[in-house]
Amino acid sequence: CDHHVLLTGLPSGRKIHYRAFNDSHFIGEGQFRTDPGPDFDGHIRAWILGDSGTGSPVQYAVRDSMMGHLAGLPLDMLVHVGDMAYSKGRDGEFTARFFRPYRSLLSSTPCWPAPGNHEMKNADSATQSGPYFEAFILPTEGECGGLASGTEAFYSFDYGPIHFISLDSSGDAIDPEGAMLAWLEEDLSATDRRWIIAFFHHPPYSRGSHPSNNFRDSQGRLVKMREVAVPVLEAGGVDLVLAG
């Protein structure tokens, strides 16, 4: 059974501790850090992760290496650029290959995701249905800053002086006349944050096993993101793009 709780009126830049109960039965606890505000000039630490959901020993080794590298330093967020549940984004794969490996991290660190092609094998952006959309509750009405998108498939949020934008790079969404690109232009025009970071799954520029000059199969999405989304991102002043 999945639950969510909406908290309002939290002070900015504070560490919030919480405990969760089912009736009187204690089920867990954790902590998180609230948005420090647009004038914050300290460190913001984000773990950028992609194509992680294999369930292999390598996945756990990468996790442990990152935790060792942080050595107790606070992590403000986990930004996942997709493919968190190989191979078909099923509910059991989310449990075994995402929530289980990162359960201690997720109790104290918010995860901001973008859908990968493997999640989309059992999810649908148009109807916002499937395990990916059941696994996350994402801002659709600008609750965390940014312009309301009306969908969990793509959204934006603010954290400190940074405006983050998550895009859906699945084939149907990359439409120059579609809702996502129209929203993206408006969202970029509306933000006044010092930095803008966009993230999504299919990289506009890539070599190796997924060359971005290849129109075949899923690689065509790389081409479309380069030709359709990148001009909007560049015109809107995006400082950094993160992809899988």
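The values are calculated or read from the model by the stated rules, or taken from the named source; none is laboratory data. Keep in mind that what you see is a predicted model, and the values were worked out from it rather than measured. With ideal geometry, Cβ positions are generated from the backbone for all residues, glycine too; neighbour counts draw on all protein chains shown. Ligands, DNA and RNA are excluded from the accessible area calculation, which covers all protein heavy atoms including side chains. Shrake-Rupley method; radii C 1.70, N 1.55, O 1.52, S 1.80 Å.
Whenever a residue of segment 40-54 is of a type in the set (Gly, Ala, Ser), its partners that are open to solvent by 60 Å² or more (accessible area, probe 1.4 Å) and modelled with pLDDT of 95 or more, lying with C-beta atoms within less than 6 angstrom and at least six residues away or across chains, give the pairs Gly53/Arg97.
So, of the residues in segment 118-129 that are more than 13 Å from Met84 (Cβ to Cβ) and not acidic (Asp, Glu), which turns out to be least open to solvent (accessible area, probe 1.4 Å)? Going through the qualifying residues, I end up with Ser125.
Could you check, for segment 25-47, whether at least one of its residues is closer than 23 Å to Ala243 by Cβ and in a strand (DSSP E or B)? Within segment 25-47 (the criterion being closer than 23 Å to Ala243 by Cβ and in a strand (DSSP E or B)), the answer is yes, since at least one residue qualifies.
Table: residues versus (1) among the polar types (S, T, N, Q); (2) modelled with pLDDT of 95 or more; (3) under 27 Å from His118 (Cα atoms); (4) open to solvent by 80 Å² or more (accessible area, probe 1.4 Å).
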| residue | (1), (2), (3), (4) |
| --- | --- |
| Arg19 | no, no, no, yes |
| Asp23 | no, no, no, yes |
| Pro36 | no, yes, no, no |
| Ile48 | no, yes, yes, no |
| Met66 | no, yes, yes, no |
| Gly89 | no, yes, yes, no |
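Kindly establish whether Thr127 is hydroxyl-bearing (Ser, Thr, Tyr), touching a residue at least 24 places away in the same chain (Cβ under 8 Å) and part of a loop (DSSP other than H, G, I, E, B). No, not satisfied. Scanning segment 91-117 for residues that are surrounded by 14 or more Cβ atoms within 10 Å (Cβ to Cβ), part of a loop (DSSP other than H, G, I, E, B) and not small (Gly, Ala, Ser) turns up Pro101, Tyr102, Thr109, Pro110, Pro115, Asn117. Output the residues belonging to segment 80-112 that are touching an Asp or Glu at 6+ places or on another chain (Cβ under 8 Å) and either over 25 Å from Phe32 (Cα atoms) or among the small types (Gly, Ala, Ser) (or both). Hits for segment 80-112 are Gly82, Ala85, Tyr86, Ser87, Gly89, Asp91, Ser107. Filtering segment 69-87 down to residues that are closer than 25 Å to Ile174 by Cβ and touching a His at 6+ places or on another chain (Cβ under 9 Å), which residue is surrounded by the fewest Cβ atoms within 10 Å (Cβ to Cβ)? Checking each candidate, the answer is Ser87.
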